[in-house]
Amino acid sequence: MQVTFDFGTAVWTIMGILVGVGAYQWSQPTLPSTPTAQPMGMTKGERLVLALTAAVAVITFGAYISHGVKKVEIDKPVPTVSTTISPTVSTTMPPMVFMTASELLK
């Protein structure tokens, strides 16, 4: 998806930041009922992750709603393993085999 800076992008970015701040404030731990009890709720790191996830979700879905999906990329077939010998290397060296990452994971 190509992101351009236009009015729609600015609006969804501001909305995402506001939703992130709201999610961070909403997830504050509750105060304990007794002075010796531990506060109940999320840690600061968990609250930050929740706020960032909410902001990114709003920006992403807002961009799709505003601009739509322009095209869908279809995966191309994975090429087969090929063996090549470099002409500058002496022939006593073994041939070099090039593999893609998806072939290594099979």
Q | Inter-probe distance in nm under a simple model that places probes 7 Å from Cα toward Cβ, at W26 and K76 | A | 4.4 nm
Q | Extension gain from V11 to Y64, taking 0.36 nm per residue of separation minus the Cα-Cα distance | A | 17.8 nm
Q.
Quick query: amide H of M42 versus all other amide H atoms, modeled in the peptide plane; which residues come in under 5 Å with a sequence gap of 5 or more or a different chain?
A. none
Q | Hz values of 3J(HN,Hα) by residue in segment 9-26 - Karplus curve (6.51, -1.76, 1.60), Gly and Pro given as x | A | 5, 5, 5, 5, 5, 5, 4, x, 5, 5, 5, x, 5, x, 5, 5, 5, 5
Q.
Explain nothing, just compute: Karplus ³J(HN,Hα) = 6.51 cos²θ - 1.76 cosθ + 1.60, θ = phi - 60°, for every residue of segment 52-67 in order, whole Hz, x for Gly and Pro.
A. 5, 5, 5, 5, 5, 5, 5, 5, 5, 5, x, 5, 5, 5, 6, 9
Q: Order the following by accessible area, largest value first: K76, K44. Probe radius 1.4 Å; ligands, DNA and RNA are ignored.
A: K76, K44
Q) With every protein chain kept in the model, how would you rank W12, W26 by accessible area, 1.4 Å probe, largest at the top? A) W26, W12
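The values are calculated or read from the model by the stated rules, or taken from the named source; none is laboratory data. This structure is a prediction, so every number in the text was calculated from the model and none was measured. So basically every Cβ, Gly included, is an ideal-geometry build from the backbone, and we count neighbours across all protein chains shown. Heads up: the accessible areas ignore ligands, DNA and RNA and are worked out on the full protein's heavy atoms, side chains in. Shrake-Rupley method; radii C 1.70, N 1.55, O 1.52, S 1.80 Å.
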